[in-house]
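Have a look at the structure below before the remarks.
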6 protein chains.
Amino acid sequence: MLPPVFLFLLLTLLSAADASVQDFCVGDISASDTPAGYPCKDVSHVTTNDFVFKGLGKAGNTSNIIKAAVTPAFVGQFPGVNGLGISAARLDLAPGGVVPLHTHPGGSELLVVTQGTILAGFISSANGVYYTTLHKGDTMVFPQGLLHFQINAGGVTAVAIVTFSSPNPGLQITAFALFGNSLPSALVEMVTFLDDAQVKKLKKVLGGSG
Amino acid sequence: MLPPVFLFLLLTLLSAADASVQDFCVGDISASDTPAGYPCKDVSHVTTNDFVFKGLGKAGNTSNIIKAAVTPAFVGQFPGVNGLGISAARLDLAPGGVVPLHTHPGGSELLVVTQGTILAGFISSANGVYYTTLHKGDTMVFPQGLLHFQINAGGVTAVAIVTFSSPNPGLQITAFALFGNSLPSALVEMVTFLDDAQVKKLKKVLGGSG
Amino acid sequence: MLPPVFLFLLLTLLSAADASVQDFCVGDISASDTPAGYPCKDVSHVTTNDFVFKGLGKAGNTSNIIKAAVTPAFVGQFPGVNGLGISAARLDLAPGGVVPLHTHPGGSELLVVTQGTILAGFISSANGVYYTTLHKGDTMVFPQGLLHFQINAGGVTAVAIVTFSSPNPGLQITAFALFGNSLPSALVEMVTFLDDAQVKKLKKVLGGSG
Amino acid sequence: MLPPVFLFLLLTLLSAADASVQDFCVGDISASDTPAGYPCKDVSHVTTNDFVFKGLGKAGNTSNIIKAAVTPAFVGQFPGVNGLGISAARLDLAPGGVVPLHTHPGGSELLVVTQGTILAGFISSANGVYYTTLHKGDTMVFPQGLLHFQINAGGVTAVAIVTFSSPNPGLQITAFALFGNSLPSALVEMVTFLDDAQVKKLKKVLGGSG
Amino acid sequence: MLPPVFLFLLLTLLSAADASVQDFCVGDISASDTPAGYPCKDVSHVTTNDFVFKGLGKAGNTSNIIKAAVTPAFVGQFPGVNGLGISAARLDLAPGGVVPLHTHPGGSELLVVTQGTILAGFISSANGVYYTTLHKGDTMVFPQGLLHFQINAGGVTAVAIVTFSSPNPGLQITAFALFGNSLPSALVEMVTFLDDAQVKKLKKVLGGSG
Amino acid sequence: MLPPVFLFLLLTLLSAADASVQDFCVGDISASDTPAGYPCKDVSHVTTNDFVFKGLGKAGNTSNIIKAAVTPAFVGQFPGVNGLGISAARLDLAPGGVVPLHTHPGGSELLVVTQGTILAGFISSANGVYYTTLHKGDTMVFPQGLLHFQINAGGVTAVAIVTFSSPNPGLQITAFALFGNSLPSALVEMVTFLDDAQVKKLKKVLGGSG
């Protein structure tokens, strides 16, 4: 058997090598972000809880018009993913529920259906249309930055786990970007070919001004 | 003065080091692409012309409905940028011309106005609206993957040089993605909140089916 | 309303820009891999099915000694993730089931429990121990390259969806790397401090020679 | 029509997802840089002006010996490009003007001639020479880190827009690196094979000491 | 000869371009790390010494049980490598010395033997075994994240220079991760298949509790 | 003890996961390079020898004018480093030996002196000069793309191991780029400020034409 002195010596060996080792970088989200993510929380304050997120177990509230809820576990909610190139969200779609057309500017998405049936698809730059009906256990990948959507395709609530190739993939819902802000109606019409009445109607619904 | 033998010896020194040196990788666009770009053309066949693109000097044809033309110098047209993280395009906007709302899934865009006046802007994930009028020499940057547009804001043709942080940034025009393909109208309506009549009208204009 | 000529003209506008656009790169896994992934399948042969994987809906066979099964949806099984920085797998753990200590050399892992209870943890370079019991819906992230494990911590089969920040994260099970190959016993003992009897016993069990 | 309650609910949906979304990271250049760029300015203080740079519209002052001027829009002058992998500069070359041999250690360069005629070229690691005369609208790409130059090749002032695959590409002018600092003459001679008189002459001109 | 005015003008030309140039980013290791490395030390305080590390010239103390010493020059000891994608260490192996099985989660390793003889090897994810005896001047590369080891294979002290493709590659010694911390013995046994007696014996030797 | 059936079952578990695992990608240097490196050699043909390079143990031939030799172990000579972000070379400097001013466009360099004394330094974009005398065991890092040099500073042959943050860093020796090719003398003079006589003298020595 190795003598106890081993412990002390191996610790010495390691102590030099381990100085500043960065296996992970739990985000200090109170500090300023950088292009590569948040500064790291001091490792002496890191605990197991930093690597665990409990919010995806609870159904999102779908009592809304789109009958859908997205519960994100991005770096803002789950600082343990900072710098690790991955994050997650839970998607709840009540019957009739829709996640409207949107993009994630910062990452690709991988969706796994865990309950129900979902009609999902994306559109490529070359204007190709790729959509299908996904059942429990089916997985679909949506390449970075492309327009995509998810719709409940069954009579019961559908649930999916979605993950992203970025701790902070972003979410830009097209309808909200067009109609839910101060972009003037005339400008929206010019860049979308939509009719004035249509734009003004949706601006009213989605809270846009101008 | 150094004796002539130097040449031979230095060449020998270099010949070992230079084997397989990859300063550049002019794309062999006849071969299959990879996630990092095209395989490299044999360096012995590379000439200065591979690094030069002459198409941006000629005005695009704006005799169309949007009164706009985009002339790309992406890797498909300009194989010398393969693997170099940059590409370009020329934008012509006749009076009244518009580049409709679009994204580049694969890169950020930097626009420099070289003639005329352009109203340009983008919308952030947080639904912030950033737009302004750009004059000759003004530069604007559009972060990767975000919806943006450009509109001629003067009485004469406007021209801009746009460059991208990718040899192949992609281009997804929202109206075309919505109305210019086989995505069924009912589906488009569900994911955009647009009215049926509006969708069908634009599908007819933009050539969509379904 | 815009005249039909628009279609032709916009198609022309797009046709130039779309040449060689690489929104995605479905892997041609019959070709040689590269450090950035497989060459792209010709886009004209790409269908929706390339972006869908149906294997995660079916329980893995846990009728084995470790009472566990891993069903991967890495690029080899799911070529649509090629170049997209993400992949997935399904983990089934029957009661008593264990995924032995292992690493993924090429990516971080994010685990979401979809059924049952799992004791999961990892060990840092600084020899910190981070483990906890995860219930349905709980998520844990395991930073790239660090030793980690998952154990069924309840009386019923547990299931998890795991995703990775790489299309091809790799999987190195420590016990198998030590005892399941031709690495000579004497060498294993030197580099692990394990006793000769222990090494030889496990080599026999795990099929190692030498 | 969707009831107004929609707005509140969609805002709720978005508010969770949008927390910490990093579409862009306008550089706070008063803070310390990092290897990935500057920390981000608080998004609530970001305005359209952060994404606009007006300095490239004005001719640089070429009333100097090299009859050339470079007006940079790098991250230091244009904080909006921070983290976006792109930046720009304007190049003015009066008749007889020269941008001396130089490299950009941190990025590739793409040049578009907007006025006049420019003789431009680069030298590869394998000592290949690639140079040509560029006219208005011609574009040339200079791969990262390689020696290159630009010379006015016409009788009138030439202007070019140059962009880079980095927000901070750097600029190392060979003559200035050799003769414009405190590197001792003897040392310069040893590493360049230049004659002592030549080195001392240029050190005097370019302000070098030693 | 160029007139002295040249100096002033060229300095002006450069002063604009050089603002914020980031050729290097010597790490301020007193500040919080980020996923891309430490914030940069102010360039006005950077000296040649920041780019020089003198610790690899001195033999490590191998008067320990494993008769081995690792002297790291990672970013924590050598802040000049911050952001540069490289670091180094010195390895001393007295006769009988062993660097136990370990991984570097964050980078590949390249080893050059500078004295003596070393038996070195690694194990792949596919459980392939790659090992050989290295003599003075021989070089071996160990791909990122894979288990590997080094053993003195001669009668005299062996020395190697090892470098890494990361300023902070990490070091996880398997035996220490298993037996040198608070991971409960029962848990270790489950995830490794080791016998209880073996685990407890090594926990005692390596200082583990539980 | 675990029954032998374990082996078969664990192998089954692994066989799925291991399909297409890419721990490493030994370069098939007979195939076309890509921007990310060479296609991978079939893993079934990979042997330990692919990860070992024996050429750095032998002194380079310094019987030349610069009394220096560089022996590279880049991907062209050492295909095992393909895709791993690291490579190496041996530097021999006889008394009076010089590695002339040069850059590596594709990577940072880390030098470790293993014999003798070397005067080494680099020049920054901001024209800062960083040089010092290195003794046996001293290490210096040269940031990517910056001009640097090494000179024997003692009376005996000096040797160094240099490694790079790229499998293919490139090597551009300034004097050779200026005087050793077909770049016309007049052009060299314009972009360097050197005198005609100096340029023509060195063109003759270094084999340049024009």
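The values are calculated or read from the model by the stated rules, or taken from the named source; none is laboratory data. Predicted, not measured: the structure shown is a model, and the values here were computed from it. Here the Cβ positions follow ideal geometry from the backbone for every residue, glycine too, while neighbour counts run over all protein chains shown. With ligands, DNA and RNA removed, areas are computed over all heavy atoms of the protein, side chains included. Shrake-Rupley method; radii C 1.70, N 1.55, O 1.52, S 1.80 Å.
Couple of notes before you dig in:
- Cα-projected label distance for C:LYS58 with A:ALA59, points at 7 Å along beta-carbon direction, nm: 3.0 nm
- Measuring from the axis that maps chain A onto chain E, the chain A residue with the nearest beta carbon and its rounded distance in angstrom come out as A:ALA36, 2.
- Solvent-accessible surface of the protein assembly as shown, averaged per residue with a 1.4 angstrom probe and all protein chains in place: 30 square angstrom.
- Distance violations [Cα-Cα > 18 Å] among A:LYS136/C:LYS136; B:LYS58/D:LYS136; B:LYS54/D:LYS67: B:LYS54/D:LYS67
- Mean per-residue shielding of peptide E:40-50 is 3, counting Cβ atoms of other chains within 10 Å of each Cβ.
- Chain F and chain E together bury an accessible surface of about 3900 square angstrom, both sides counted, with a 1.4 Å probe and no ligands or nucleic acids included.
- For chain E, adding -39500 (n - 2.57) for each run of n ≥ 4 DSSP H residues and dividing by the number of residues yields -5500 deg cm²/dmol at 222 nm.
- Comment: the Cα-to-Cβ extended label point of E:GLY155, at 7 Å, lies 3.5, 6.6, 8.6, 8.6, 9.9 nm from its counterparts in the other copies, nearest first.
- Accessible area (Å², 1.4 Å probe, nearest 10) - F:LYS58: 150 Å²
- Span from the segment B:119-180 Cα centroid across to the segment E:191-210 one, whole angstrom: 62 Å
- Anisotropy class of segment B:63-122 from Cα gyration tensor, a/c 1.5 cut: prolate
- 5 Å-binned pair-distance histogram of segment B:48-170 (Cα, whole percent): 2, 12, 21, 24, 20, 13, 6, 1, 0
- Contact residues in segment A:67-107 by the 50 Å² criterion (accessible area, 1.4 Å probe, full protein complex versus chain alone): A:LEU84, A:ILE86, A:LEU101, A:PRO105.
- One equal scatterer on each Cα of the protein assembly as shown, no solvent, Debye formula: the resulting log10 I(q)/I(0) at q = 0.05, 0.07, 0.08, 0.09 Å⁻¹ is -0.35, -0.69, -0.91, -1.15.
- Diffusion coefficient of chain D by Stokes-Einstein, Kirkwood radius over Cα pairs, 4 °C, 1.567 mPa s: 65 µm²/s.
- Nearest-first distances (nm) between copies at F:HIS45, label 7 Å from Cα via Cβ: 2.2, 2.2, 5.5, 5.5, 5.9
- 11 Å beta-carbon shell around F:PHE122, net charge (K/R +1, D/E -1): -2
- Label geometry 7 Å along the beta-carbon vector: F:GLY210 inter-copy distances in nm: 3.2, 5.3, 5.6, 5.6, 6.8
- Threshold 40 Å² - residues in segment D:191-210 whose accessible area is reduced by that much or more when the chain is no longer isolated, probe 1.4 Å: D:VAL191, D:PHE193, D:LEU194, D:ASP195, D:GLN198, D:LYS201, D:LEU202, D:VAL205, D:LEU206
- Each peptide among F:83-92, D:31-40 gets the average number of other Cβ atoms lying within 10 Å of its residues, and from highest to lowest they stand as F:83-92, D:31-40.
- Under 10 Å, Cβ to Cβ, from C:THR139 - net charge with Lys/Arg +1 and Asp/Glu -1: +1
- Taking the protein heavy atoms of chain F in the context of the full set of protein chains, the accessible area attributed to carbon and sulfur is 58 percent at 1.4 Å.
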